[in-house]
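Below is one structure, written out as C-alpha coordinates; the observations come after it.
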Amino acid sequence: MLKAIVFIFNQSKGQYGVRRVYHKLIHLSGYKGNHEQVYHLMRMANLMGKRPGEKGKPKSYRGCVEKVE
(Lines give C-alpha, C1' and ligand atoms only; values in the text may rest on other atoms or scores of the structure.)
Protein backbone atom coordinates (compact mmCIF):
# COMPACT_ATOMS: atom_id res chain seq x y z
CA MET A 1 0.00 0.00 0.00
CA LEU A 2 2.76 2.44 0.93
CA LYS A 3 4.55 1.64 -2.34
CA ALA A 4 1.44 2.66 -4.30
CA ILE A 5 1.14 5.91 -2.34
CA VAL A 6 4.80 6.78 -2.91
CA PHE A 7 4.46 5.94 -6.62
CA ILE A 8 1.41 8.20 -7.06
CA PHE A 9 3.07 11.01 -5.08
CA ASN A 10 6.29 10.83 -7.11
CA GLN A 11 4.37 10.58 -10.37
CA SER A 12 2.69 13.90 -9.54
CA LYS A 13 6.11 15.46 -8.76
CA GLY A 14 5.06 16.16 -5.18
CA GLN A 15 1.99 18.18 -6.15
CA TYR A 16 -0.71 15.81 -4.89
CA GLY A 17 -1.89 15.91 -1.30
CA VAL A 18 -3.78 13.33 0.73
CA ARG A 19 -7.13 13.73 -0.98
CA ARG A 20 -5.83 13.43 -4.54
CA VAL A 21 -3.62 10.47 -3.65
CA TYR A 22 -6.59 8.81 -1.95
CA HIS A 23 -8.83 9.30 -4.97
CA LYS A 24 -6.13 7.98 -7.32
CA LEU A 25 -5.81 4.88 -5.13
CA ILE A 26 -9.56 4.27 -5.37
CA HIS A 27 -9.56 4.85 -9.12
CA LEU A 28 -6.49 2.74 -9.95
CA SER A 29 -6.67 -0.16 -7.52
CA GLY A 30 -10.11 -0.09 -5.88
CA TYR A 31 -8.59 0.69 -2.47
CA LYS A 32 -10.94 -0.14 0.44
CA GLY A 33 -9.97 2.32 3.14
CA ASN A 34 -10.39 5.95 4.08
CA HIS A 35 -8.42 9.15 3.61
CA GLU A 36 -7.28 9.13 7.25
CA GLN A 37 -5.28 5.93 6.68
CA VAL A 38 -3.68 7.46 3.58
CA TYR A 39 -2.85 10.57 5.63
CA HIS A 40 -1.22 8.43 8.34
CA LEU A 41 0.88 6.50 5.81
CA MET A 42 1.93 9.70 4.03
CA ARG A 43 3.02 11.21 7.36
CA MET A 44 5.05 8.08 8.15
CA ALA A 45 6.77 8.33 4.76
CA ASN A 46 7.28 12.12 5.23
CA LEU A 47 5.32 12.99 2.08
CA MET A 48 3.61 16.38 2.03
CA GLY A 49 1.82 17.88 -0.94
CA LYS A 50 1.96 21.52 -1.97
CA ARG A 51 -0.59 23.79 -0.34
CA PRO A 52 -2.07 26.85 -2.03
CA GLY A 53 -0.43 30.07 -0.91
CA GLU A 54 2.68 28.34 0.36
CA LYS A 55 5.37 30.41 -1.30
CA GLY A 56 7.80 31.03 1.53
CA LYS A 57 8.55 34.02 3.70
CA PRO A 58 7.48 37.47 2.52
CA LYS A 59 10.30 39.31 0.86
CA SER A 60 9.79 42.91 1.85
CA TYR A 61 12.29 45.58 0.91
CA ARG A 62 14.75 46.35 3.71
CA GLY A 63 17.08 48.78 2.05
CA CYS A 64 17.75 52.50 2.05
CA VAL A 65 15.11 54.62 0.34
CA GLU A 66 16.10 58.07 -0.94
CA LYS A 67 13.56 60.88 -0.84
CA VAL A 68 13.09 62.60 -4.19
CA GLU A 69 12.10 66.30 -3.97
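The values are calculated or read from the model by the stated rules, or taken from the named source; none is laboratory data. Computed from a predicted structure; not experimentally measured. As a convention, Cβ positions derive from the backbone with ideal geometry for all residues, glycine included, and neighbour counts pool all protein chains shown. Accessible surface areas use protein heavy atoms only, side chains included; no ligands, DNA or RNA. Shrake-Rupley method; radii C 1.70, N 1.55, O 1.52, S 1.80 Å.
Numerical summary
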quantity: Residue selected from region 20-35 under the condition open to solvent by 70 Å² or more (accessible area, probe 1.4 Å) and within 13 Å of Phe7 (Cβ to Cβ), by the criterion modelled with the highest pLDDT; calculated: Lys24
quantity: Filter result (closer than 12 Å to Val6 by Cα, more than 12 Å from the chain's Cα centre (by Cα) and part of a helix (DSSP H, G or I)) within region 36-47; calculated: Val38, Leu41, Met44
quantity: Pair list, Cβ under 7 Å, 6 or more apart: region 26-42 residue touching a residue at least 12 places away in the same chain (Cβ under 8 Å), other residue of a type outside the set (S, T, N, Q) and open to solvent by 80 Å² or more (accessible area, probe 1.4 Å); calculated: His35/Arg19; Leu41/Met1
quantity: Per-region count, region 1-19, residues charged (D, E, K, R) and open to solvent by less than 100 Å² (accessible area, probe 1.4 Å); calculated: 0
quantity: Scan of region 1-14 for residues that are closer than 20 Å to Asn34 by Cα and outside any helix (DSSP H, G or I), ordered by number; calculated: Met1
